[in-house]
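The values are calculated or read from the model by the stated rules, or taken from the named source; none is laboratory data. The structure displayed is predicted, hence computed values, not measured ones. Backbone-built Cβ (ideal geometry, glycine too); neighbour counts: all protein chains shown. Ligands, DNA and RNA are stripped out before the accessible areas are found, and what is left, the full protein with its side chains, is counted by its heavy atoms. Shrake-Rupley method; radii C 1.70, N 1.55, O 1.52, S 1.80 Å.
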Amino acid sequence: RVVGTSGGLILAVLAGLICSLPGATAAIPGEPEGTLIAVDYAALVGGADLDFAMPLGPGAERGLPIGNGRVGTLLWTRPEQSKLHMQLNHTDVFAFRNSSAATLDAHAFYCNGCGFVDIDVGDDVFGDHATSNHLSVYDAVAEVSGRGVRIRAFAWNQKDVIAVEITDDRDEPRPISVDLRMLRP
């Protein structure tokens, strides 16, 4: 729609661009009143979800990232294992100070690594192609599912908390153990 003033033309062009977004609508003069823009955020943001249906090989660094901008981790599994692995990171953790003489290559050490958490659910639940990994970006929930076990995790946005929920639907649920390890000896 062409409007007589340049400001009106810009507004009409912007409205046209907004209407081209998936699920978006714009009010048109003379039409029934409604919201200027109606966006299905779950569908729009959900396009960035991560999915892969396999365990990762030795040395693989592919997994599901979760975090809140201060604390975060990557969730991953390995073939022929019963463990979910996490490396916890925090923005204010550094390996060395800038004046450290502890090592000659202190400048090359990465920062933010706090430690490892391994959650062992018993048996080889993540060892075949029945393992699925899904990160819902809109809900901010990571889910790793193996044979009879589902693990969901998310990072709380207001505090430095990562919550993990484990559902064990196997005929005979196994004990769950958690191993906390330092990043370096």
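Could the peptides 157-165, 136-144 be put in order, highest first, of the mean number of other beta-carbon atoms found within 10 Å of their residues?
Sorting 157-165, 136-144 by mean packing, highest first, produces 136-144, 157-165.
I want to check the label-to-label distance for Arg181 and Asp118. Put each point 7 Å from Cα in the C-beta direction and report it in nm to one decimal.
0.5 nm
Ordering Val93, Val125 by accessible area with a probe of 1.4 Å, largest first, what comes out? Walk me through the numbers before you get to the answer.
Details: Val93 45, Val125 5 Å².
Listed by decreasing accessible area, they come as Val93, Val125.
Subtracting the Cα-Cα distance from 0.36 nm times the residue separation, let me have the gained length for Val93 to Arg70 in nm, one decimal.
7.2 nm
Roughly speaking, what is the stretch gain from Ala140 to Gln158, that is 0.36 nm per residue apart minus the C-alpha to C-alpha distance, in nm to one decimal? Each step should come with its number before you reach the end.
Numbers: separation 18, 0.36 × 18 = 6.48 nm, distance 1.34 nm.
Between Ala140 and Gln158, full extension yields an extra 5.1 nm.
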